[in-house]
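Below is one structure; the comments refer to it alone.
The values are calculated or read from the model by the stated rules, or taken from the named source; none is laboratory data. Here the structure is a predicted model, which is why all the values come from computation and not from measurement. All Cβ positions, glycine included, derive from the backbone under ideal geometry; neighbour counts span all protein chains shown. These accessible areas exclude ligands, DNA and RNA; they are computed on the full protein's heavy atoms, side chains included. Shrake-Rupley method; radii C 1.70, N 1.55, O 1.52, S 1.80 Å.
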Amino acid sequence: MASPQQQKLKVHGPVAVTANRLTDGAVVWRTRGDGWSADLADAIIVTTADDAIALLAAAQKRDIDAVGAYVAPVVIEADGSVAPGNLRERIRVAGPTFELPH
Amino acid sequence: MPLIENGHIVEDKYVRVSDEDALPEGVPVLVGVDRFLKEAEALKGRQAPVGVIWPNNRPIAEIAPYLGQLSLIALNFPIFRDGRAYSQARLLRERLGWTGPLRAIGNVLRDQFLLMQRSGFDQIEAVKEADAEAFDEAVHRYTVFYQPATDERPSLLRQRLGRTLTGAAR
Amino acid sequence: MYAYDEFDRAFLAERVADFRDQVARRLSGALNEDEFKPLRLMNGVYLQLHAYMLRIAIPYGTLSAHQLRRMAHVARTYDRGYGHFTTRQNIQFNWIKLEELPEAMAALGEVGVHGIQTSGNCIRNVTTDQWAGATPEECDDPRIWAEILRQYSTLHPEFTYLPRKFKIAIAASPHDRAAIKVHDVGLRLHRNAAGELGFEVLVGGGLGRTPFVGKSIRAFLPARELLSYIEAIMRVYNQYGRRDNIYKARIKILVHEIGAEAFAKAVEAEWEAIREGALHLSDEMIAEIRGRFIYPAYETLEDRPAELVEALKDERFATWFANSVHAHKVPGYSIVTISLKPVGAPPGDATADQMDVIADLADAYGFHEVRVGHEQNLCLPNIAQKDLPALWAALDAAGLATPNVNHISDIIACPGLDYCALANARAIPVAQEIAKRFADLDRSRGIGRLHVNISGCINACGHHHVGHIGILGVEKNGQEFYQITLGGRADEQAQLGTLLGPAVPYEQVPGLIEDVVDTYMELRAGPQELFIDTVARLGVEPFKERVYAAH
């Protein structure tokens with residue numbers, strides 16, 4: 001999974017803008033109204049590089065709500081719901097892939 | 001940008017002159033290193049003070065022959081994370097014996113003020129007004145310093161030693 | 001233990017206040033992320049995939065029971081009830097909130113623990129042998145010198161914004177347990193022919209994308225000249241290290257590009273100018289630091305007491321004893337390694353409850369002292385042999401007595417893609433699966449000493465280059481692939497592993513490792529020949545043929 005800093009912005013399919021919330025680092029997604037949500041279902045989904053660049057630029061304007069914004073792939077499931085588009089994003093949404101110590 | 005000297009915001013008496021522009025008469029000037037080195041001989045005859053901006057990628061030892069004709073040395077932090085000028089400052093003070101004004105310029109932020117002061121800078125050109133106003137607080141945040149540096153602050157190694165030798169309580 | 005005095009405590013309190021103010025300025029917007037990031041990093045705060053991560057230094061791997069208990073408290077109160085011990089004598093908390101960080105740091109600061117300089121482009125936590133002060137092998141306690149370096153480097157005004165991070169490690173025994181040859185500066189403490197204490201100085205070692213074994217630039221540096229010589233190295237590096245490319249900014253690249261000889265010459269020239277200056281360590285200064293280390297009040301005891309001899313009749317205890325108990329410098333005492341690699345668990349993780357158990361056991365049997373080693377295991381350095389049976393029973397009950405130290409299942413692994421924002425592939429589940437394959441203790445004991453090191457990206461936090469078997473996660477077309485190297489080692493004979501062949505997908509890694517081990521078992525000259533020696537004798541070719549024929 002190329003880290004977002006290394007990724008060239010090529011958009012093949014649906015993408016969203018994601019970041020980490022400043023106060024607690026939680027994974028958030030860019031929503032309508034220039035907001036952020038911890039729920040991927042709220043994310044604005046775009047499908048072209050131009051739209052993605054515009055969405056990212058707007059998200060990066062203000063770095064006090066969320067930090068490290070980048071464009072992440074998503075997939076639209078058969079029922080219309082949105083899911084993360086690669087392993088890295090699946091882990092960001094669902095947590096580590098093994099049982100945590102307890 | 002506010003200039004801080006000895007803890008106070010002061011007026012910058014130096015005029016920064018680019019390599020192309022003529023030097024104004026009768027006022028202190030701060031010039032880039034290329035112009036300074038090219039015109040060093042001629043600048044010796046100038047009545048008003050001359051300062052130089054020494055870049056952080058040029059060995060500081062090369063400034064030695066010119067120290068006598070300089071009234072100000074400015075060292076550059078192109079980005080605050082680029083710490084080369086800290087070494088240049090210490091070498092100027094401790095090795096080359098520069099006692100004149102030493103100014104930090106560039107991307108100079110509050111959280112580096114103390115490091116700059118400890119490395120021998122006595123003038124700091126802050127980027128942010130609020131940072132300049134917080135100067136006093138920023139350089140007095142710590143009362144404990146582990147290692148000796150260019151400033152006069154006592155280092156722990158020696159403080160502890162003093163205590164041991166005087167037999168003070170442990 | 002090094003006992004903090006009022007100076008250290010005052011400094012830590014000031015540092016916590018400083019960070020509290022920086023966090024407040026960040027939350028208010030007075031600092032932007034670019035400005036804040038280096039500040040938080042120098043307090044050990046990263047932003048990872050899911051959350052902030054706090055890395056706490058365990059200077060030279062030494063920890064008191066009291067401090068460990070406080071870490072358990074932080075894990076419970078501010079995190080998710082566990083912590084991860086790293087390859088650099090640090091512990092990491094993975095789920096911490098920025099808003100709560102100043103509070104967590106204050107709680108740690110009260111017991112003299114902090115995250116200062118566990119990240120950022122500064123001199124990092126100085127590491128050494130986890131057996132320091134206890135092993136009969138060493139010529140002096142390396143922690144004295146690590147502590148001197150800790151003090152020297154803490155908030156150093158000149159060296160806080162170096163071209164890149166800077167890691168120093170010290171070894172004081174002929175057997176190097178601190179991996180000094182793969183550090184920016186490695187210091188080998190020894191005595192010269194005249195019996196004087198000093199350091200061999202190595203520079204330019206390191207792993208990452210351009211791995212190098214360090215080069216010796218001085219065979220003997222008198223111990224009292226340590227600080228001036230380190231300052232000379234730092235000053236040359238700070239001025240001439242590359243800053244145009246983050247991947248070429250480590251000192252190893254400078255040393256490689258100008259050559260060790262030219263680098264040494266520049267250092268010696270700088271050193272000549274400062275060696276008689278303020279950094280010259282007098283005998284009194286060294287004695288002052290040495291005097292702040294408190295050593296256990298050992299009793300006069302016999303080796304192999306009756307309690308131990310009796311307990312050794314129990315096969316499970318005997319197995320653990322043979323694996324996890326090591327020789328001590330004082331008769332009647334032992335060094336005990338606590339494996340944090342129970343089969344199936346994330347390597348190096350400990351729950352808050354386990355931390356409490358270990359702290360209690362350190363209080364009961366170990367002079368209140370715990371150690372952390374770069375292999376991601378813990379250690380109780382001062383256990384009376386008569387107490388070993390009771391200690392073992394308590395460790396066993398807490399799941400902390402897996403007798404697999406130095407076995408193939410004692411795997412070093414970085415957090416990988418499950419946590420880390422830099423990773424390309426997962427490391428922990430790979431380690432878990434390999435450990436499961438070799439869960440049979442008779443089998444893994446038969447294999448003998450074998451270090452598997454796994455990194456989830458080229459930055460090599462899992463030290464894959466110096467694993468007897470190294471596993472590096474890479475990304476190919478969105479899939480996790482793994483490159484395998486053989487023959488690396490991190491000890492006094494440090495060398496980098498040799499690539500076995502093409503990378504294989506995630507699912508094939510455990511099977512491939514089994515094939516490598518089976519090949520070794522067939523090819524070894526006898527049970528005494530370790531894996532690493534067989535690879536040294538035969539090279540990787542026989543392994544390559546066997547392994548890739550099977551896959």
Which of C:LYS167/C:LYS252; C:LYS37/C:LYS165; C:LYS165/C:LYS252; C:LYS476/C:LYS544; C:LYS329/C:LYS386; C:LYS181/C:LYS252 exceed 19 Å between C-alpha atoms? The answer is C:LYS476/C:LYS544
Taking Cα atoms only, Rg over Rh for segment C:134-290 with Rh from the Kirkwood formula is 0.95
Within the protein assembly as shown, what whole-number % of the accessible surface is contributed by carbon and sulfur, with the 1.4 Å probe and all protein chains included in the calculation?
51 percent
DSSP beta bridge pairing in segment B:3-142, given as percent antiparallel to the nearest 5:
25 percent
With a ≥ b ≥ c from the Cα gyration tensor eigenvalues, square-rooted, and the rule rounded for a/c under 1.5, otherwise prolate when a/b > b/c and oblate otherwise, chain C is rounded
Charge dipole magnitude, Cβ of K and R +1, D and E -1 - segment A:15-93, Cα centre, debye nearest 20:
220 debye
Calculate, for chain B, the solvent-accessible area per residue in square angstrom, rolling a 1.4 angstrom probe over the heavy atoms of the protein chains.
45 Å²
Report for segment C:134-290 the percent antiparallel among DSSP-assigned beta bridges with both residues inside it, nearest 5.
75 percent
Rolling a 1.4 angstrom probe over the protein heavy atoms, how many square angstrom per residue are accessible across chain C?
33 Å²
Rounded, prolate or oblate: which fits segment C:154-229 when a ≥ b ≥ c are the square roots of the eigenvalues of the alpha-carbon gyration tensor, with rounded for a/c under 1.5 and prolate only if a/b beats b/c?
oblate
Separation of the C:GLU522 and A:SER81 label points, Cα + 7 Å toward Cβ, nm
4.9 nm
Interface B:C - total buried accessible surface [probe 1.4 Å, Å², rounded to 100]
4100 Å²
If each Cα of segment C:412-550 is one equal point scatterer, what is log10 of I(q)/I(0) from the Debye formula at q = 0.15 Å⁻¹?
-0.67
Given 0.36 nm per residue, what is the gain on full extension from C:ALA439 to C:GLU284 after removing their alpha carbon distance, in nm?
50.5 nm
With x for Gly and Pro, the residue-by-residue ³J(HN,Hα) of segment C:507-520, computed from phi through the Karplus equation 6.51 cos²θ - 1.76 cosθ + 1.60 at θ = phi - 60° and given in whole Hz, is 5, 8, 4, x, x, 5, 5, 4, 4, 4, 5, 4, 4, 4
Rounded to the nearest 0.05, what FRET efficiency do C:GLU492 and A:HIS102 have when you use their Cβ-Cβ distance and R0 = 51 Å?
0.85
When the distances between all Cα atoms of the protein assembly as shown are binned every 10 Å from zero, what whole-number percent does each bin get?
2, 12, 21, 25, 20, 12, 5, 2, 0, 0
Set Lys and Arg Cβ to +1 and Asp and Glu Cβ to -1, take the dipole of segment A:15-93 about its Cα centre, and tell me which of A:ILE76, A:LEU40, A:GLY25 lies farthest positive.
A:GLY25
Evaluate the charge dipole of segment C:1-129 about its Cα centre and quote only its size in Debye, nearest 20, assuming +1 on the Cβ of each Lys and Arg and -1 on the Cβ of each Asp and Glu.
380 debye
The long-range amide H neighbours of C:PHE166, using H built 1.01 Å from N in the peptide plane and a cut-off of under 5 Å, are C:CYS122, C:ARG124
For chain C, list the cysteines whose Cβ sits under 4.7 Å from no other cysteine Cβ?
C:CYS122, C:CYS139, C:CYS379, C:CYS420, C:CYS457
Extended-chain gain in nm, criterion 0.36 nm per residue less alpha-carbon gap, C:GLU261 and C:ARG76:
61.5 nm
Taking 8 Å as the Cα distance limit and 6 or more residues as the minimum spacing, I'd like the relative contact order of chain C as a percentage.
13 percent
Need one number: nm distance between label points at C:ARG191 and B:LYS128, each 7 Å from Cα along Cα→Cβ, rounded to one decimal.
5.6 nm
Roughly how many debye, to the nearest 20, is the charge dipole of the protein assembly as shown about its Cα centre, given +1 on each Lys and Arg Cβ, -1 on each Asp and Glu Cβ, and no other charges?
1040 debye
Quick check: from the Cα gyration tensor, does segment A:15-93 come out rounded (a/c under 1.5), prolate or oblate?
oblate
Which percentage, to the nearest 5, of the DSSP beta bridges contained in the protein assembly as shown is antiparallel?
70 percent
